[in-house]
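*Asks:* Have a look at the structure that comes next, please.
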Amino acid sequence: MQAEKIYPRSSDKETVYLKNVITNPAIVVGDYTMYNDFVNDPVDFQKNNVLYHYPINHDKLIIGKFCSIACGARFLFNSANHSMTSLATYPFPIFFEEWGLDVSHITDAWDNKGDIVIGNDVWIGYEAVIFAGVTIGDGAIIGTRAVVTKDVPPYTIVGGVPAKPIRKRFSNDDIAALLKMKWWDWPVEQIKEHIAEIQSGKITDLERKYL
Ligand SMILES: CC(C)(COP(=O)(O)OP(=O)(O)OC[C@H]1O[C@@H](n2cnc3c(N)ncnc32)[C@H](O)[C@@H]1OP(=O)(O)O)[C@@H](O)C(=O)NCCC(=O)NCCS
């Protein structure tokens with residue numbers, strides 16, 4: 001199974017287990033989360049898809065287990081936000097040499113909205129954009145080309161610019177049960193044993209056994 005493996009499908013070099021291609025310690029990805037890219041090499045995810053993410057900010061991208069990330073989805077970090085509390089959006093502090101400024105004030109050039117946190121079993125659609133400071137709950141779905149500016153509750157489908165809820169995936173009771181069950185944290189053998197029930201979309205049998 002996963003471990004150090006990069007490609008989940010031996011004949012498909014467009015899909016990678018993200019965890020095994022990330023080298024940046026500020027990006028943390030859970031087991032089995034996969035990324036597909038048919039435009040660029042998916043191995044270059046951290047360069048092509050995690051943008052304006054400079055070490056000086058100490059901001060993190062945290063992605064849970066079993067997420068599916070579609071081609072061109074992007075994570076826009078804090079250095080993309082030119083300061084709006086300044087009288088000028090022009091980022092003088094970045095050009096400290098040119099303007100004789102103290103280098104230690106470089107982060108004054110942008111507003112810092114914080115980390116991006118993606119839960120488990122989140123499906124992020126083609127060319128969606130997730131902004132700094134956003135948290136996406138377990139089981140959420142982000143539609144094609146959504147621009148996600150606000151937190152997304154668990155098991156909620158969002159779409160549009162800015163992304164708005166379209167609907168919940170399950171009843172509130174089933175969502176509560178899924179969040180309690182956390183199938184993604186089960187041992188691999190247990191997940192394997194129950195793939196048919198997970199695929200069925202009906203939680204009753206699993207609830208009886210595990211809650
Ligand atoms: C978001 C999504 C999952 C919704 O699927 P669905 O529930 O079957 O959606 P429907 O087609 O029934 O549409 C429901 C409503 O959401 C709207 N909608 C659907 N996708 C949308 C999107 N990406 N952005 C904005 N609105 C969207 C529809 O227009 C419709 O609006 P209405 O109720 O006002 O008529 C799907 O449209 C989507 O974007 N999937 C991602 C596909 C993708 O990017 N795959 C990449 C390869 S993995």
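Values quoted throughout were computed directly from the atomic coordinates according to the rules given, and no laboratory measurement underlies them. Every value quoted in this text rests on a predicted model; they were computed, and no experiment measured them. Cβ: placed from backbone, ideal geometry, glycine included. Neighbour counts: every protein chain shown.
*Asks:* Suppose every K and R has +1 on its Cβ and every D and E has -1 on its Cβ; what is the size of the dipole of segment 108-160 about the Cα centre, in Debye to the nearest 20?
*Replies:* Numbers: 3 positive and 7 negative charges, 38 e Å.
Dipole size: approximately 180 debye.
*Asks:* Once Rh is set to the Kirkwood radius over Cα pairs, what Stokes-Einstein translational diffusion coefficient, in µm²/s, holds for segment 171-211 at a temperature of 4 °C and a viscosity of 1.567 mPa s? List each step's numbers first, then the result.
*Replies:* Values: Rh = 10.4 Å.
Diffusion coefficient, whole number: 124 µm²/s.
*Asks:* Next question. Could you give the C-alpha radius of gyration of segment 61-149 expressed as a fraction of 2.2 N^0.38 Å, taking N as the number of residues it contains? Present the calculation step by step, with values, prior to reporting the outcome.
*Replies:* On the way: Rg = 16.2 Å, N = 89, 2.2 N^0.38 = 12.1 Å.
Taking the Cα Rg and dividing by 2.2 N^0.38 Å, one obtains 1.34.
*Asks:* To continue, here is another question. Net charge near residue 73, counting Lys/Arg +1 and Asp/Glu -1 over other residues with Cβ under 12 Å of its Cβ? All intermediate terms of the calculation are to be shown ahead of the outcome.
*Replies:* Working: positive: 74, 145; negative: 37, 127.
After counting each charged neighbour, the total is 0.
*Asks:* Could you tell me which residue out of 94, 198, 70 lies farthest along the dipole of the chain toward its positive end? Charges go on the beta carbon: Lys and Arg +1, Asp and Glu -1, centred on the Cα centre.
*Replies:* Working it through, the farthest residue towards the positive pole turns out to be 198.
*Asks:* Remind me, what semi-axes does the chain give for its equivalent ellipsoid, largest first in whole Å, using sqrt of 5 times each Cα gyration tensor eigenvalue? Numbers along the way, then the final one.
*Replies:* On the way: eigenvalues 251, 81, 42 Å².
Here the semi-axes work out to 35, 20, 15 Å.
*Asks:* I need to check one value: relative contact order of the chain, counting alpha carbon pairs closer than 8 Å and at least 6 residues apart, in percent.
*Replies:* Dividing the mean separation by the residue count of the chain yields 13 percent.
*Asks:* For an R0 of 30 angstrom, estimate the FRET efficiency from the Cβ-Cβ distance between residue 47 and residue 180 and round to the nearest 0.05.
*Replies:* Numbers: r = 38 Å, r/R0 = 1.26.
After rounding to 0.05, the efficiency reads 0.20.
*Asks:* Taking 32 Å as the cut-off for C-alpha to C-alpha distance, list the pairs among 13/180; 65/209; 5/168; 113/209; 5/182 that go past it.
*Replies:* Distance filter (> 32 Å) returns 13/180; 5/168; 113/209.
*Asks:* Which percent, nearest 5, of DSSP beta bridges in segment 120-173 are antiparallel? Walk me through the intermediate numbers first.
*Replies:* Working: 4 of 11 bridges.
Counting DSSP beta bridges with both partners in segment 120-173, the antiparallel share is about 35 percent.
*Asks:* Taking +1 at the Cβ of each Lys and Arg and -1 at the Cβ of each Asp and Glu, which of 124, 104, 114 sits farthest along the dipole of segment 79-147 towards its positive end, judged by Cα position relative to the Cα centre?
*Replies:* After comparing all options, I get 124.
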